[in-house]
Amino acid sequence: MRHSLFCKMKKAFFFITLSFLLSPLFCEKSSFYFKGDLGSLLIDDSGNSFVSESLINLDTQIGKINLSFDTKISGVKSSLDYLTTDGVIFSSALAAEYSIFKCGLRYVDFSVPKETSLNLGKFSIAQSGVFYKSAGIFGEFDFSSLKLGFDFTYGSGWGSEGDLYITPGNLFLRDIIFAKTYADFSNNLFVEAGFFHFDLNAKIENADKGVFSTNGWYGTIKKDYCLEKTYKHLISTYGFYAGALGNGNIRLLASDINLVFFPYSYFYYAGNFNVHVLGLGVKYTASKNWFSFESNAFYGINIFSNFNILKKYTYQKTIIYDGSSEKEEENKSFGLKDSLLYIDGKLSFDLTKGNRELCICPYIGKKILIPIFNGILENSSGDNNSGFTFSAERIIKMFLLSGISIGIEVFPNTKNIVK
């Protein structure tokens, strides 16, 4: 039922896209924005990962109603030793604006038809295919000096046959819910709050044997400072807080597993986590003549995070195993010393130099992600099975080659594009 509904929405968005492509033929006012991007996510001595993106925005007016349509196709490919995937993300959004009210619909389709594997040393998952679909609704009230908006998204995902840690099976993401509300004030102050929830089911031998449930929330506040001297520039400062908690377990018996050499007669795996993170950031944009520059710096600080894993199992009594029982428990806490620094920059140039109705702007960008997880670094250096090593050579290679992007933007010269 869910899948058929998402398929119908996908077909509807296809016809809407076709209608908007033809809209300039029968509408007096119409404009567009195009962006194409190719970049590296992460490159190190174990492999590489890349992402590509194509975005088209079409705006048109029918009577007193302003219509806007966005469609984006992204590709993600990774050959890293701890993550292998090759997928496509398709998303579309349609919005209509009349007087002070704007509302719209959104559809997202993520598919990885080939095998995807995640290998974190002691924990690994491999699926022959991963798929995700979601639909959402959003709206905004514009009261001149104040804008109030909301956004709600519901989705689900599933994996094809594969391996789940110690046994064959597949994963199902159920009831993925995301909701947010925001207020945008005329004094360049922006406030946002959101909530998310999802359930992760492990399915083995056509029976649900485990579930992991997560709830989270966040809040953002941003302030813009507009300054103009010899060139236009804008400084934005923002703060971010996020919290999440989750718990789950999986319980297996030998009768549940259709494996001849399955070692356990009883297996129990449970985990829970509690995360609280504070972020502080600043964004700077500037433009002069035909050049424009953007930079963003974000520092995420861990307030308190705790992870707990409990594993209990009993071996089968065979020639190889003695039928003994064992219990393992691991707790990991992160303090204020654990943090994350993110920096990005983007430089673009207008080839038309502002002399034509159409702006063509190629650009180059660089993203830098610096984890400052002292506890993880200490543990990883002594654990050869963790899958992560942080040698100086590997860090330098990751720093120089990862996060580079090149692209091009095309839009009418008279249109005010908000990036």
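The values are calculated or read from the model by the stated rules, or taken from the named source; none is laboratory data. Here the structure is a predicted model, which means the values were calculated and not measured. Backbone-built Cβ (ideal geometry, glycine too); neighbour counts: all protein chains shown. The area values use the complete protein model at the heavy-atom level, side chains included, leaving out ligands, DNA and RNA. Shrake-Rupley method; radii C 1.70, N 1.55, O 1.52, S 1.80 Å.
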Candidates Asn296, Asn249, filtered to the one that is in a strand (DSSP E or B) and closer than 30 Å to Leu171 by Cβ
Asn249
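Do you know which residues across segment 308-332 are in a strand (DSSP E or B) and in contact with a helix residue (DSSP H, G or I) (Cβ under 9 Å, 6 or more places away or on another chain)?
Going residue by residue through segment 308-332, those that are in a strand (DSSP E or B) are 308-315, 317, 322, 325-332.
Result: Lys332, single match.
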What residue, among those in segment 234-264 that are at pLDDT below 80 and open to solvent by less than 50 Å² (accessible area, probe 1.4 Å), is farthest from Gly323 (Cα to Cα)?
Ile250
Looking only at residues that are open to solvent by 40 Å² or more (accessible area, probe 1.4 Å) and more than 23 Å from Pro371 (Cα to Cα) in segment 286-308, which one is farthest from the chain's Cα centre (by Cα)?
Asn289
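Rundown of residues vs (1) open to solvent by 80 Å² or more (accessible area, probe 1.4 Å); (2) under 25 Å from the mean Cα position of the chain (by Cα); (3) modelled with pLDDT under 60, yes/no style:
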{"position": "Lys10", "(1), (2), (3)": "yes, yes, yes"}
{"position": "Ile16", "(1), (2), (3)": "no, no, yes"}
{"position": "Leu21", "(1), (2), (3)": "yes, no, yes"}
{"position": "Ser30", "(1), (2), (3)": "no, no, no"}
{"position": "Asp45", "(1), (2), (3)": "yes, yes, no"}
{"position": "Ser52", "(1), (2), (3)": "no, yes, no"}
{"position": "Leu55", "(1), (2), (3)": "no, yes, no"}
